[in-house]
1. Across the range C:74-121, what is the number of residues that are in contact (Cβ under 8 Å) with a residue 12 or more places away in the chain and assigned to a helix (DSSP H, G or I)?
2. Among the residues of the range C:29-41, how many are on the phi < 0 side of the Ramachandran plot and either free of Cβ contacts under 8 Å to residues at least 40 places away in the same chain or not hydrophobic (A, V, I, L, M, F, W, C) (or both)?
3. Against the condition at the interface with chain C (Cβ under 7 Å from one of its Cβ atoms) and at pLDDT below 95, how does B:Gly124 come out, does it pass?
4. Could you tell me whether C:Thr78 is among the polar types (S, T, N, Q) and more than 9 Å from chain A (Cβ to nearest Cβ)?
5. Among the residues of the range C:89-104 satisfying the criterion of being buried (at least 22 other Cβ atoms within 10 Å of the Cβ) and farther than 22 Å from A:Ile25 by Cα, which is nearest to the chain's Cα centre (by Cα)?
6. Out of the residues in the range A:2-52 meeting the condition of being modelled with pLDDT under 95 and among the hydrophobic types (A, V, I, L, M, F, W, C), tell me which one is nearest to A:Val117 (Cα to Cα).
7. Looking only at the range B:127-156, count every residue that is more than 30 Å from A:Ala103 (Cβ to Cβ) and within 11 Å of chain C (Cβ to nearest Cβ) and tell me the total.
Amino acid sequence: VTPEERLATLGYDIQAGTIGVGAVIPGVVVGNLLWLSGSVPDRNGRTWRGRVGEAFTTEEAVEAARETAVNQLTHAKTVLGELSRIRRVVKVLGMVNCVPGYAETPQVMMGFSNLLVEVLGEAGRHARSAVGLQALPLDVPIEVESIFEITPEAVG
Amino acid sequence: VTPEERLATLGYDIQAGTIGVGAVIPGVVVGNLLWLSGSVPDRNGRTWRGRVGEAFTTEEAVEAARETAVNQLTHAKTVLGELSRIRRVVKVLGMVNCVPGYAETPQVMMGFSNLLVEVLGEAGRHARSAVGLQALPLDVPIEVESIFEITPEAVG
Amino acid sequence: VTPEERLATLGYDIQAGTIGVGAVIPGVVVGNLLWLSGSVPDRNGRTWRGRVGEAFTTEEAVEAARETAVNQLTHAKTVLGELSRIRRVVKVLGMVNCVPGYAETPQVMMGFSNLLVEVLGEAGRHARSAVGLQALPLDVPIEVESIFEITPEAVG
């Protein structure tokens with residue numbers, strides 16, 4: 001069973017995107033490490049706008065975090081071609097757009113972290129920080145960036 | 001003299017924790033690099049709650065940062081077994097829960113950075129950013145995540 | 001044409017700084033990776049103080065981000081000696097000191113990202129997050145930290 005098939009079972013159909021021509025790209029590989037650009041929850045025409053603790057409850061933000069994980073895997077697929085090249089998730093930085101003093105950023109980020117484990121199994125477990133920020137692009141409630149260990153591309 | 005012995009001399013007795021079964025773990029090793037999850041200052045039953053510049057002065061926050069460094073080394077010990085496997089501290093991201101416009105995040109973070117040098121010597125020096133955030137888990141005043149270079153586990 | 005010469009053509013004359021003796025240093029190399037400490041826009045006696053969306057417009061902040069990129073390359077030169085040792089920019093974390101809900105952090109960070117491409121060409125393209133924070137050191141409007149892939153120093 002490929003990660004893409006597990007995603008499909010969970011109701012998520014993802015397609016590799018394009019790298020684009022600008023200065024900022026979805027991810028960069030160095031050896032067996034893949035650094036991904038931050039992902040936000042907007043997906044399939046559904047947009048998320050506003051701060052957690054105000055526009056969104058913690059429960060709603062967990063769902064936004066889950067959508068963000070699907071988008072982060074889409075970044076990975078865009079760079080790698082196949083998600084089976086992911087050996088493990090290494091490190092995740094979860095950034096929640098929230099009201100001052102909002103203390104439940106780790107609970108929100110479980111939406112992201114658990115999706116990775118559902119799709120990748122043991123390989124989805126990772127080191128993480130989950131923190132609260134003042135502002136995010138487009139006023140989305142969450143942005144997450146990750147580092148994955150990967151199988152380097154075959155030579156020859 | 002081991003890092004654990006230096007910590008003991010400074011009054012800090014640390015014990016390896018457990019990795020746990022959840023999606024988020026204290027650290028992940030890839031080759032000679034260890035990525036650590038964020039640590040907070042709560043330790044030995046002492047809790048820290050509130051923002052720097054409001055609940056805590058800069059001087060108090062320096063002490064919180066020092067406690068956070070002890071916890072970050074505890075994460076490392078949990079993953080590595082022995083702190084002597086640390087070759088050097090590579091990169092530190094210090095995140096301070098503070099009032100808007102609080103400008104002394106680098107001073108706060110010296111509590112963290114100096115503890116690493118006291119324990120690890122030259123190997124404790126590192127690249128760093130020290131910034132101010134809107135919110136942290138449990139409303140702690142500081143959270144820090146690090147990357148260490150390590151000696152990979154012996155083979156055979 | 002060296003990166004230093006391209007910088008000069010753009011009007012930026014940079015000189016390697018000194019590593020210093022403190023716990024925090026401009027950058028750390030592990031193998032073919034260079035982790036840089038965060039840079040701020042202050043340069044050549046010009047200081048930037050205040051939040052984007054209040055003290056600075058987005059357009060002004062783009063210029064601050066560009067100055068920050070020059071300072072980040074100065075960090076790299078301090079560690080590497082020559083910028084020609086940069087193989088590529090891997091990952092950038094752009095942190096903007098802004099008013100709550102400020103949604104244009106990616107536009108601000110294009111000042112940083114585009115300067116890297118002007119100086120390094122294709123090798124300047126990178127993965128990135130661009131987010132809004134509560135507070136930065138000295139109340140500067142932007143701080144950025146990066147990871148570069150480099151040519152390891154020649155042996156012998």
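The values are calculated or read from the model by the stated rules, or taken from the named source; none is laboratory data. All figures in this text were calculated on a predicted structure; none of them were measured in a lab. Glycine also receives a Cβ, built like all others from the backbone with ideal geometry; neighbour counts cover every protein chain displayed. Side chains included, ligands, DNA and RNA excluded: accessible areas come from the protein's heavy atoms. Shrake-Rupley method; radii C 1.70, N 1.55, O 1.52, S 1.80 Å.
1. Looking only at that region, the number is 25.
2. Within the range C:29-41, the first condition is being on the phi < 0 side of the Ramachandran plot, and the residues that meet it are C:29-30, C:32-41.
In the following step, the residues that additionally are either free of Cβ contacts under 8 Å to residues at least 40 places away in the same chain or not hydrophobic (A, V, I, L, M, F, W, C) (or both) were identified as C:30, C:32, C:37-39, C:41.
Residues that pass the stated criteria total 6.
3. On the way: at the interface with chain C (Cβ under 7 Å from one of its Cβ atoms): yes; at pLDDT below 95: no.
It is false that B:Gly124 is at the interface with chain C (Cβ under 7 Å from one of its Cβ atoms) and at pLDDT below 95.
4. Judged against the criteria, C:Thr78 is a match.
5. Filtering first and then ranking leaves C:Asn97.
6. This residue is A:Ile19.
7. First, pick out the residues of the range B:127-156 that are more than 30 Å from A:Ala103 (Cβ to Cβ): B:149-156.
Right, trim to within 11 Å of chain C (Cβ to nearest Cβ) and you get B:149-150.
Number of matching residues: 2.
Rundown of residues vs (1) over 11 Å from the mean Cα position of the chain (by Cα); (2) within 25 Å of B:Leu136 (Cβ to Cβ), yes/no style:
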site	(1), (2)
C:Gly38	no, yes
C:Asp42	yes, no
C:Arg46	yes, no
C:Ala123	yes, no
C:Val131	yes, yes
